[in-house]
1. Going through segment 196-221 one residue at a time, which ones are open to solvent by 10 Å² or more (accessible area, probe 1.4 Å) and more than 22 Å from T152 (Cβ to Cβ)?
2. Using beta carbons and a limit of 6 Å, which pairs, at least six apart or on different chains, have the first residue in segment 110-121 and closer than 13 Å to T148 by Cβ and the second one β-branched (V, I, T) and assigned to a helix (DSSP H, G or I)?
3. What residue, among those in segment 30-48 that are open to solvent by 20 Å² or more (accessible area, probe 1.4 Å) and part of a loop (DSSP other than H, G, I, E, B), is nearest to S86 (Cα to Cα)?
4. Any idea which of (1) β-branched (V, I, T); (2) surrounded by 22 or more Cβ atoms within 10 Å (Cβ to Cβ); (3) part of a loop (DSSP other than H, G, I, E, B) is the one T2 doesn't satisfy?
5. P183 versus (1) open to solvent by less than 60 Å² (accessible area, probe 1.4 Å); (2) touching a residue at least 60 places away in the same chain (Cβ under 8 Å); (3) in contact with a Leu (Cβ under 9 Å, 6 or more places away or on another chain): which is the lone unmet condition?
6. Return only the number of the condition from (1) within 26 Å of F58 (Cα to Cα); (2) touching a Lys or Arg at 6+ places or on another chain (Cβ under 9 Å); (3) surrounded by 19 or more Cβ atoms within 10 Å (Cβ to Cβ); (4) among the aromatic types (F, W, Y) that F341 does not satisfy.
7. Take the residues of segment 145-199 that are charged (D, E, K, R) and under 30 Å from A17 (Cα atoms): which is nearest to the chain's Cα centre (by Cα)?
8. For segment 280-329: of the residues being polar (S, T, N, Q) and out of contact with any strand residue (DSSP E or B) (no Cβ under 6 Å at 6 or more places or on another chain), which is most open to solvent (accessible area, probe 1.4 Å)?
Amino acid sequence: MTDRQLTLRELNRALLARQLLLERRKLGVQQAIEKVCALQAQWPQSPYIALWTRLASFHKERLTRALEQHKVVKSTLFRITLHITSARDYPYYAAAVLPSAREKTPRVTAQQLEQLSRRVRAAALKGAVTHEDVEAIAAEAMGSRWRTRVLTPLLHLPPGGTWSHYGRVQLRAMEGVLGVELPSREDGAERLVRRYLTAFGPATQEDLLRFGGLRVGDVRAGLERVKLRRFRDERGRLLLDVPGAPLPDGDTRAPVRFLPKWDSSLLAYAPPERTRILSEKFRTTVIAKNGDVAPTVLVDGFVAATWSIGAKRGLAITPLRKLSKAEREEIDDEGERLVEFFAS
């Protein structure tokens, strides 16, 4: 049988449905984060805004409480950047992602990496450590401060990860916080493939690799274990998906939604596949050369504006294309709700 071809709008609506952006859902924080795979967390407010725009009656205290109860955790993870994930998923993600990131450290042997990992883990099991503590153990040997963050699974302790926390982060070993051991890399790959495609599919294999900062060998076991269905996009590229995931009609109405900085919906795909939500002509405006991703406004499912909010000038909308009166009114209505959320 010929693989079904999906249009750009069908792929857009599939993404919106799976990312809970077609309608706000009544879900718990942990369950919601599992559905969307992970939340980018470089900017402290981003995960809160991401959940506000996806969930009905969401209040900041719900995410703060989930972090304090370790139902969700903040860590350095995909692409060696900060994410918040479900505590049930984190050990599997870490099993797939962190060994791959370590192995790509140049000019450091596997034996050296294993020794450094054991030393960092031992320190982080005794008590809380800082990034500076970890760097003092391993940065010189690794030739990189940044890559020391993937030596062993380390979790940010609250208030790290909460709405207004910008201070020094305290870290603990995953085993000391969650009381679980790291699964096998194969089990990790299986969980990651399933969660990624459920949240962002249909997608190419390259999209999956780009999202995780991974190599083909890192996810091969997952691709072999997970039952997959196949589609093609309008360029003829093979798309992978999990059975039963939603594929709404391309004409499904999509309400205005505000996305935070670095929202995963914009970063889950390898270029040029980001066009399913972000037009190529707007890409360099939204995604800077240094990797910064602006807060955006979705209109009819696609990025149509950026936004910012300040104590003095309030909410500012910068259109990327001409907006109709009706579109601007819907943006203003949703923007008022965002301002109320910030102030709450």
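1. Step one: filter segment 196-221 for residues open to solvent by 10 Å² or more (accessible area, probe 1.4 Å), giving 198, 204-206, 209-210, 213-218, 220-221.
T198, T204, Q205, E206, L209, R210, V216, R220, listed by residue number.
2. As it stands, the answer is R119/I137; V120/V134; V120/I137, since those pairs meet every condition given.
3. Only one residue tops the list, namely Q42.
4. (2) is the only condition that T2 fails.
5. If we test P183 against (1) open to solvent by less than 60 Å² (accessible area, probe 1.4 Å); (2) touching a residue at least 60 places away in the same chain (Cβ under 8 Å); (3) in contact with a Leu (Cβ under 9 Å, 6 or more places away or on another chain), just (3) comes out false.
6. With respect to (1) within 26 Å of F58 (Cα to Cα); (2) touching a Lys or Arg at 6+ places or on another chain (Cβ under 9 Å); (3) surrounded by 19 or more Cβ atoms within 10 Å (Cβ to Cβ); (4) among the aromatic types (F, W, Y), F341 is out only on (3).
7. Going through segment 145-199, the residues charged (D, E, K, R) turn out to be 145, 147, 149, 168, 172, 175, 181, 185-187, 190-191, 194-195.
Applying the additional criterion that residues be under 30 Å from A17 (Cα atoms) yields 185-187, 190-191, 194-195.
Values: R185: 20, E186: 21, D187: 20, E190: 18, R191: 15, R194: 15, R195: 11 Å.
Among those that are charged (D, E, K, R) and under 30 Å from A17 (Cα atoms), it is R195.
8. Step one: of segment 280-329, the residues polar (S, T, N, Q) are 284-285, 290, 296, 306, 308, 318, 324.
Then keep just the ones that are out of contact with any strand residue (DSSP E or B) (no Cβ under 6 Å at 6 or more places or on another chain); that gives 284-285, 290, 324.
On the way: T284: 96, T285: 86, N290: 119, S324: 53 Å².
The selected residue is N290.
The values are calculated or read from the model by the stated rules, or taken from the named source; none is laboratory data. As the structure is a prediction and not an experimental result, all values here were calculated from the model. Glycine gets a Cβ as well: all are built from the backbone with ideal geometry, and neighbour counts include every protein chain shown. In case anyone asks, the SASA skips ligands and DNA or RNA and just uses the protein heavy atoms, side chains included. Shrake-Rupley method; radii C 1.70, N 1.55, O 1.52, S 1.80 Å.
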